[in-house]
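Input: a single structure, listed below in C-alpha coordinates.
The values are calculated or read from the model by the stated rules, or taken from the named source; none is laboratory data. Note that the structure is predicted; figures quoted are calculated from it, not measured. Every residue, glycine as well, gets a Cβ built from its backbone with ideal geometry; the counts of neighbours run over all protein chains shown. Only protein heavy atoms, including side chains, enter the accessible area calculation; ligands, DNA and RNA are left aside. Shrake-Rupley method; radii C 1.70, N 1.55, O 1.52, S 1.80 Å.
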Amino acid sequence: MLKALMGSFAAFFLSAAGAMAQDWPARPITLYMGFPAGSGVDVIARLLQPSLEKTLGQRLVIDYKSGAGGNLASETVANAKADGYTFLLGTAATHGVNAALYSKLPFDVERDFTPIAPIVDVPNVLAINPAVIDATNVQDFIAKVKAAPGRYSYASTGNGTGTHLAFAAFNAQAGLNMVHVPYKGGPDATNSVLKGETCCVFALLQAMMQHAKAGKVRLLGVTTAHRVGAMPDLPTIAEQGLPGYESYIWFGVFAPKGLDAAIAARMNAALKTAIEDPEVNRKMVELGNTPRYETLDQFKATVAKDRARWAQVVKSVGATID
(Lines give C-alpha, C1' and ligand atoms only; values in the text may rest on other atoms or scores of the structure.)
Protein backbone atom coordinates (compact mmCIF):
# COMPACT_ATOMS: atom_id res chain seq x y z
CA MET A 1 0.00 0.00 0.00
CA LEU A 2 2.76 2.42 1.02
CA LYS A 3 4.77 1.53 -2.07
CA ALA A 4 1.78 2.21 -4.29
CA LEU A 5 1.13 5.52 -2.53
CA MET A 6 4.76 6.60 -3.00
CA GLY A 7 4.53 5.68 -6.66
CA SER A 8 1.41 7.80 -7.05
CA PHE A 9 3.12 10.79 -5.47
CA ALA A 10 6.15 10.37 -7.73
CA ALA A 11 3.96 10.16 -10.81
CA PHE A 12 2.06 13.27 -9.70
CA PHE A 13 5.24 15.34 -9.24
CA LEU A 14 6.72 14.15 -12.53
CA SER A 15 3.48 15.07 -14.28
CA ALA A 16 3.47 18.52 -12.64
CA ALA A 17 7.10 19.12 -13.61
CA GLY A 18 6.36 18.10 -17.18
CA ALA A 19 3.39 20.47 -17.35
CA MET A 20 5.50 23.34 -15.98
CA ALA A 21 8.18 22.73 -18.59
CA GLN A 22 5.57 22.52 -21.36
CA ASP A 23 4.03 25.86 -20.33
CA TRP A 24 7.40 27.59 -19.92
CA PRO A 25 7.92 30.47 -20.37
CA ALA A 26 4.64 32.03 -19.30
CA ARG A 27 6.11 35.39 -18.23
CA PRO A 28 9.23 37.54 -18.78
CA ILE A 29 12.64 36.02 -18.05
CA THR A 30 15.33 37.87 -16.10
CA LEU A 31 18.97 37.63 -17.15
CA TYR A 32 21.34 38.89 -14.46
CA MET A 33 24.85 40.06 -15.22
CA GLY A 34 27.59 41.12 -12.87
CA PHE A 35 28.99 43.83 -15.14
CA PRO A 36 27.76 47.34 -15.98
CA ALA A 37 25.69 48.45 -18.95
CA GLY A 38 27.88 49.03 -21.99
CA SER A 39 30.45 46.44 -20.94
CA GLY A 40 31.60 43.72 -23.32
CA VAL A 41 29.27 41.23 -21.65
CA ASP A 42 26.35 43.61 -22.00
CA VAL A 43 27.03 44.14 -25.71
CA ILE A 44 26.77 40.39 -26.31
CA ALA A 45 23.59 40.12 -24.24
CA ARG A 46 21.96 42.87 -26.29
CA LEU A 47 22.90 41.09 -29.51
CA LEU A 48 21.20 37.89 -28.34
CA GLN A 49 18.14 39.54 -26.81
CA PRO A 50 15.91 39.95 -29.92
CA SER A 51 16.45 36.38 -31.09
CA LEU A 52 15.84 34.90 -27.65
CA GLU A 53 12.65 36.91 -27.21
CA LYS A 54 11.39 35.77 -30.61
CA THR A 55 12.19 32.10 -29.98
CA LEU A 56 10.85 31.99 -26.41
CA GLY A 57 7.89 34.29 -26.97
CA GLN A 58 8.61 36.36 -23.85
CA ARG A 59 10.56 39.49 -22.92
CA LEU A 60 14.13 39.06 -21.72
CA VAL A 61 14.81 41.55 -18.93
CA ILE A 62 18.50 42.30 -18.39
CA ASP A 63 19.22 43.13 -14.76
CA TYR A 64 22.59 44.67 -13.93
CA LYS A 65 24.06 43.70 -10.57
CA SER A 66 27.70 44.63 -10.96
CA GLY A 67 30.35 44.40 -8.30
CA ALA A 68 32.85 42.04 -6.66
CA GLY A 69 34.09 40.76 -9.99
CA GLY A 70 30.65 39.54 -10.98
CA ASN A 71 30.07 37.67 -7.71
CA LEU A 72 27.03 39.73 -6.68
CA ALA A 73 25.03 38.64 -9.70
CA SER A 74 26.27 35.06 -9.35
CA GLU A 75 25.16 34.92 -5.72
CA THR A 76 21.73 36.30 -6.65
CA VAL A 77 21.16 33.58 -9.23
CA ALA A 78 22.67 30.84 -7.06
CA ASN A 79 20.05 31.64 -4.41
CA ALA A 80 17.14 32.11 -6.82
CA LYS A 81 14.29 29.70 -7.40
CA ALA A 82 15.02 27.24 -10.19
CA ASP A 83 11.78 27.92 -12.04
CA GLY A 84 13.19 28.92 -15.41
CA TYR A 85 12.72 32.67 -14.96
CA THR A 86 16.12 33.58 -13.54
CA PHE A 87 19.37 33.19 -15.48
CA LEU A 88 22.91 34.53 -15.27
CA LEU A 89 25.23 35.72 -18.01
CA GLY A 90 28.50 34.53 -16.54
CA THR A 91 32.04 34.25 -17.82
CA ALA A 92 35.15 32.13 -17.46
CA ALA A 93 36.13 34.72 -14.84
CA THR A 94 32.99 34.42 -12.70
CA HIS A 95 32.96 30.62 -12.96
CA GLY A 96 36.67 29.90 -13.24
CA VAL A 97 39.03 32.63 -12.05
CA ASN A 98 36.92 33.80 -9.10
CA ALA A 99 36.65 30.33 -7.61
CA ALA A 100 40.42 30.31 -7.18
CA LEU A 101 40.96 34.01 -6.59
CA TYR A 102 38.49 34.67 -3.76
CA SER A 103 39.31 32.90 -0.51
CA LYS A 104 35.61 32.60 0.36
CA LEU A 105 32.59 32.61 -1.92
CA PRO A 106 28.98 32.22 -0.71
CA PHE A 107 28.33 29.72 -3.51
CA ASP A 108 30.05 26.99 -5.49
CA VAL A 109 30.49 27.79 -9.19
CA GLU A 110 29.73 24.21 -10.21
CA ARG A 111 27.45 22.77 -7.53
CA ASP A 112 25.09 25.76 -7.26
CA PHE A 113 24.40 26.36 -10.96
CA THR A 114 22.95 24.65 -14.00
CA PRO A 115 25.25 25.43 -16.97
CA ILE A 116 23.10 26.12 -20.03
CA ALA A 117 25.41 27.05 -22.92
CA PRO A 118 28.42 29.19 -23.83
CA ILE A 119 27.92 32.06 -26.27
CA VAL A 120 31.30 33.36 -27.41
CA ASP A 121 35.01 33.00 -26.87
CA VAL A 122 36.50 36.42 -26.16
CA PRO A 123 40.18 36.81 -27.06
CA ASN A 124 42.64 39.11 -25.42
CA VAL A 125 45.25 40.88 -27.49
CA LEU A 126 48.73 42.12 -26.60
CA ALA A 127 48.55 45.85 -27.26
CA ILE A 128 51.56 48.16 -26.93
CA ASN A 129 52.30 51.86 -27.13
CA PRO A 130 55.06 52.06 -29.78
CA ALA A 131 56.32 55.31 -28.27
CA VAL A 132 57.19 53.39 -25.10
CA ILE A 133 58.34 50.09 -26.56
CA ASP A 134 58.72 50.00 -30.32
CA ALA A 135 58.24 46.30 -31.01
CA THR A 136 56.89 44.96 -34.28
CA ASN A 137 55.94 41.45 -33.17
CA VAL A 138 55.92 39.23 -30.09
CA GLN A 139 59.50 37.98 -30.56
CA ASP A 140 60.72 41.55 -30.86
CA PHE A 141 58.73 42.55 -27.76
CA ILE A 142 60.23 39.71 -25.73
CA ALA A 143 63.76 40.58 -26.84
CA LYS A 144 63.38 44.26 -25.90
CA VAL A 145 61.92 43.47 -22.46
CA LYS A 146 64.63 40.89 -21.75
CA ALA A 147 67.28 43.46 -22.60
CA ALA A 148 65.97 45.77 -19.84
CA PRO A 149 64.76 43.69 -16.83
CA GLY A 150 62.34 45.57 -14.58
CA ARG A 151 62.20 48.62 -16.83
CA TYR A 152 58.83 48.10 -18.49
CA SER A 153 55.44 48.22 -16.74
CA TYR A 154 52.31 46.48 -17.95
CA ALA A 155 48.75 47.46 -17.09
CA SER A 156 45.89 45.23 -15.99
CA THR A 157 42.24 45.71 -15.07
CA GLY A 158 43.02 44.78 -11.47
CA ASN A 159 44.96 42.36 -9.30
CA GLY A 160 43.98 38.80 -10.11
CA THR A 161 41.78 39.69 -13.07
CA GLY A 162 41.95 37.83 -16.36
CA THR A 163 44.17 40.49 -17.92
CA HIS A 164 46.62 40.27 -15.01
CA LEU A 165 46.72 36.48 -15.12
CA ALA A 166 47.12 36.44 -18.90
CA PHE A 167 50.18 38.72 -18.70
CA ALA A 168 51.62 36.89 -15.70
CA ALA A 169 51.40 33.59 -17.57
CA PHE A 170 52.96 35.23 -20.63
CA ASN A 171 55.86 36.61 -18.59
CA ALA A 172 56.44 33.28 -16.88
CA GLN A 173 56.59 31.38 -20.16
CA ALA A 174 58.77 33.99 -21.87
CA GLY A 175 61.03 34.52 -18.83
CA LEU A 176 60.33 38.24 -18.55
CA ASN A 177 60.78 40.61 -15.60
CA MET A 178 58.10 43.32 -15.81
CA VAL A 179 56.32 45.57 -13.31
CA HIS A 180 52.58 44.96 -12.84
CA VAL A 181 50.41 48.09 -12.49
CA PRO A 182 46.78 47.23 -11.65
CA TYR A 183 44.00 49.69 -12.55
CA LYS A 184 40.32 49.84 -11.72
CA GLY A 185 38.84 48.43 -14.88
CA GLY A 186 39.47 48.28 -18.62
CA PRO A 187 39.15 52.00 -19.51
CA ASP A 188 41.75 53.06 -16.92
CA ALA A 189 44.16 50.30 -17.96
CA THR A 190 43.77 51.19 -21.63
CA ASN A 191 44.23 54.90 -20.96
CA SER A 192 47.47 54.19 -19.11
CA VAL A 193 48.85 52.59 -22.28
CA LEU A 194 47.52 55.36 -24.53
CA LYS A 195 49.17 57.97 -22.29
CA GLY A 196 52.44 56.06 -22.08
CA GLU A 197 52.21 55.48 -18.33
CA THR A 198 52.60 51.77 -19.04
CA CYS A 199 53.97 50.13 -22.14
CA CYS A 200 51.38 47.51 -22.79
CA VAL A 201 48.30 45.58 -21.76
CA PHE A 202 46.43 42.38 -22.46
CA ALA A 203 42.93 43.61 -23.26
CA LEU A 204 39.79 42.42 -25.00
CA LEU A 205 40.29 42.55 -28.74
CA GLN A 206 36.88 44.19 -29.21
CA ALA A 207 38.00 47.04 -26.94
CA MET A 208 41.36 47.62 -28.63
CA MET A 209 40.51 47.40 -32.34
CA GLN A 210 39.35 51.02 -32.56
CA HIS A 211 42.54 52.31 -30.92
CA ALA A 212 44.65 50.19 -33.26
CA LYS A 213 42.81 51.52 -36.33
CA ALA A 214 43.41 55.07 -35.06
CA GLY A 215 47.14 54.32 -34.75
CA LYS A 216 47.20 54.84 -30.98
CA VAL A 217 48.34 51.31 -30.15
CA ARG A 218 49.96 48.44 -32.01
CA LEU A 219 48.50 44.94 -31.72
CA LEU A 220 51.12 42.20 -31.62
CA GLY A 221 49.12 39.00 -31.19
CA VAL A 222 45.92 37.38 -29.99
CA THR A 223 45.78 35.00 -27.05
CA THR A 224 43.55 32.33 -28.59
CA ALA A 225 44.79 29.06 -30.08
CA HIS A 226 43.66 30.16 -33.55
CA ARG A 227 43.46 33.50 -35.33
CA VAL A 228 40.18 35.38 -35.07
CA GLY A 229 37.84 36.29 -37.92
CA ALA A 230 37.83 40.03 -37.21
CA MET A 231 41.61 40.30 -37.77
CA PRO A 232 42.76 37.23 -39.69
CA ASP A 233 46.18 38.76 -40.44
CA LEU A 234 47.00 39.18 -36.74
CA PRO A 235 48.95 36.08 -35.64
CA THR A 236 48.46 34.30 -32.36
CA ILE A 237 51.03 34.61 -29.58
CA ALA A 238 51.56 30.86 -29.79
CA GLU A 239 52.65 31.28 -33.42
CA GLN A 240 55.31 33.79 -32.39
CA GLY A 241 57.64 31.85 -30.17
CA LEU A 242 55.41 30.82 -27.24
CA PRO A 243 53.95 27.47 -28.34
CA GLY A 244 50.89 26.40 -26.39
CA TYR A 245 50.23 29.86 -24.96
CA GLU A 246 46.50 30.46 -24.71
CA SER A 247 44.44 32.77 -22.53
CA TYR A 248 40.89 33.77 -23.31
CA ILE A 249 37.51 33.86 -21.62
CA TRP A 250 34.06 32.77 -22.66
CA PHE A 251 30.65 34.22 -21.92
CA GLY A 252 27.90 31.76 -21.08
CA VAL A 253 24.44 31.38 -19.56
CA PHE A 254 23.69 29.69 -16.24
CA ALA A 255 20.58 28.93 -14.19
CA PRO A 256 20.21 28.04 -10.51
CA LYS A 257 20.89 24.41 -9.60
CA GLY A 258 17.96 22.01 -9.97
CA LEU A 259 16.48 23.56 -13.11
CA ASP A 260 14.04 21.23 -14.85
CA ALA A 261 15.94 19.34 -17.56
CA ALA A 262 13.30 20.10 -20.20
CA ILE A 263 13.52 23.87 -19.51
CA ALA A 264 17.32 23.71 -19.58
CA ALA A 265 17.17 21.95 -22.95
CA ARG A 266 14.75 24.52 -24.39
CA MET A 267 16.90 27.43 -23.22
CA ASN A 268 19.98 25.73 -24.65
CA ALA A 269 18.19 25.34 -27.99
CA ALA A 270 17.06 28.98 -27.94
CA LEU A 271 20.65 30.11 -27.36
CA LYS A 272 21.84 27.89 -30.22
CA THR A 273 19.30 29.54 -32.52
CA ALA A 274 20.47 33.00 -31.45
CA ILE A 275 24.19 32.21 -31.78
CA GLU A 276 23.71 30.71 -35.24
CA ASP A 277 21.55 33.56 -36.52
CA PRO A 278 23.57 34.95 -39.46
CA GLU A 279 23.24 38.59 -38.43
CA VAL A 280 24.03 37.95 -34.77
CA ASN A 281 26.93 35.72 -35.75
CA ARG A 282 28.34 38.35 -38.11
CA LYS A 283 28.19 41.10 -35.48
CA MET A 284 29.91 38.90 -32.89
CA VAL A 285 32.75 38.18 -35.30
CA GLU A 286 33.06 41.88 -36.20
CA LEU A 287 33.53 42.64 -32.51
CA GLY A 288 36.49 40.27 -32.42
CA ASN A 289 34.72 37.37 -30.77
CA THR A 290 34.29 33.75 -31.83
CA PRO A 291 30.70 32.46 -31.52
CA ARG A 292 30.57 29.22 -29.54
CA TYR A 293 27.78 26.75 -28.87
CA GLU A 294 27.90 23.60 -26.73
CA THR A 295 25.33 21.13 -25.45
CA LEU A 296 24.37 21.08 -21.78
CA ASP A 297 26.81 18.27 -21.00
CA GLN A 298 29.61 19.81 -23.02
CA PHE A 299 29.27 23.16 -21.27
CA LYS A 300 29.19 21.49 -17.86
CA ALA A 301 32.50 19.82 -18.73
CA THR A 302 33.91 23.14 -19.97
CA VAL A 303 33.12 24.86 -16.65
CA ALA A 304 34.81 22.08 -14.66
CA LYS A 305 37.89 22.06 -16.89
CA ASP A 306 38.30 25.84 -16.89
CA ARG A 307 37.85 26.05 -13.13
CA ALA A 308 40.79 23.65 -12.73
CA ARG A 309 42.86 25.45 -15.37
CA TRP A 310 42.45 28.90 -13.84
CA ALA A 311 43.14 27.49 -10.36
CA GLN A 312 46.60 26.47 -11.59
CA VAL A 313 47.24 29.90 -13.12
CA VAL A 314 46.11 31.76 -9.98
CA LYS A 315 48.29 29.50 -7.82
CA SER A 316 51.33 30.12 -10.00
CA VAL A 317 50.83 33.89 -9.79
CA GLY A 318 50.00 33.84 -6.08
CA ALA A 319 47.06 36.26 -6.45
CA THR A 320 44.25 36.23 -3.89
CA ILE A 321 41.36 38.45 -2.88
CA ASP A 322 39.97 38.14 0.65
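Brief remarks follow.
- Flag if A166 is out of contact with any Cys (no Cβ under 6 Å at 6 or more places or on another chain), open to solvent by 20 Å² or more (accessible area, probe 1.4 Å) and small (G, A, S): no
- Only a single item in (1) over 22 Å from D121 (Cα atoms); (2) out of contact with any Phe, Trp or Tyr (no Cβ under 6 Å at 6 or more places or on another chain); (3) open to solvent by less than 40 Å² (accessible area, probe 1.4 Å) is not met by T136, and it is number (3).
- Restricting V125, V120, V109 to those that are in contact with a His (Cβ under 6 Å, 6 or more places away or on another chain), at negative phi and modelled with pLDDT of 90 or more reduces the list to V109.
- The selection criterion, being of a type outside the set (G, A, S), touching a Ser or Thr at 6+ places or on another chain (Cβ under 7 Å) and not in a strand (DSSP E or B), holds for P36.
- Of residues in region 230-260 being assigned to a loop (DSSP other than H, G, I, E, B) and aliphatic (A, V, I, L, M), the one most open to solvent (accessible area, probe 1.4 Å): M231
- Members of region 269-300 that are touching a residue at least 60 places away in the same chain (Cβ under 8 Å), over 12 Å from S51 (Cβ atoms) and among the charged types (D, E, K, R): R292, E294, K300
- Restricting attention to region 205-229 and to residues that are among the polar types (S, T, N, Q) and not in a loop (DSSP other than H, G, I, E, B), the residue that is most open to solvent (accessible area, probe 1.4 Å) turns out to be Q210.
- Residue in region 47-68 that is touching a helix residue (DSSP H, G or I) at 6+ places or on another chain (Cβ under 8 Å), of a type in the set (G, A, S), part of a helix (DSSP H, G or I) and more than 16 Å from G258 (Cβ to Cβ) present: yes
- Number of positions in region 147-170 that are over 16 Å from K315 (Cβ atoms) and assigned to a helix (DSSP H, G or I): 3
- Taking residues in region 301-322 that are open to solvent by 30 Å² or more (accessible area, probe 1.4 Å), and partners anywhere that are β-branched (V, I, T), the pairs with Cβ atoms closer than 7 Å and at least 6 places apart or on different chains are R307/V109.
- Being surrounded by 16 or more Cβ atoms within 10 Å (Cβ to Cβ), in a helix (DSSP H, G or I) and not β-branched (V, I, T) is a property that F202 lacks.
- As a summary of the residue check, I263 satisfies the conditions (1) open to solvent by 10 Å² or more (accessible area, probe 1.4 Å); (2) out of contact with any Leu (no Cβ under 9 Å at 6 or more places or on another chain); (3) in contact (Cβ under 8 Å) with a residue 60 or more places away in the chain except for the one numbered (1).
- Across region 277-322, the number of residues qualifying as within 27 Å of D83 (Cβ to Cβ), in a helix (DSSP H, G or I) and among the charged types (D, E, K, R) comes to 3.
- Here F87 passes the criteria (1) open to solvent by 20 Å² or more (accessible area, probe 1.4 Å); (2) outside any loop (DSSP other than H, G, I, E, B) except the one numbered (1).
- When the residues of region 41-50 are filtered to those that are open to solvent by 20 Å² or more (accessible area, probe 1.4 Å) and in contact (Cβ under 8 Å) with a residue 24 or more places away in the chain, the one that is nearest to the chain's Cα centre (by Cα) is V43.
- The residues on offer are A73, A99, A143, and the sole one that is crowded, with 21+ Cβ neighbours inside 10 Å, part of a helix (DSSP H, G or I), out of contact with any helix residue (DSSP H, G or I) (no Cβ under 6 Å at 6 or more places or on another chain) and not β-branched (V, I, T) is A73.
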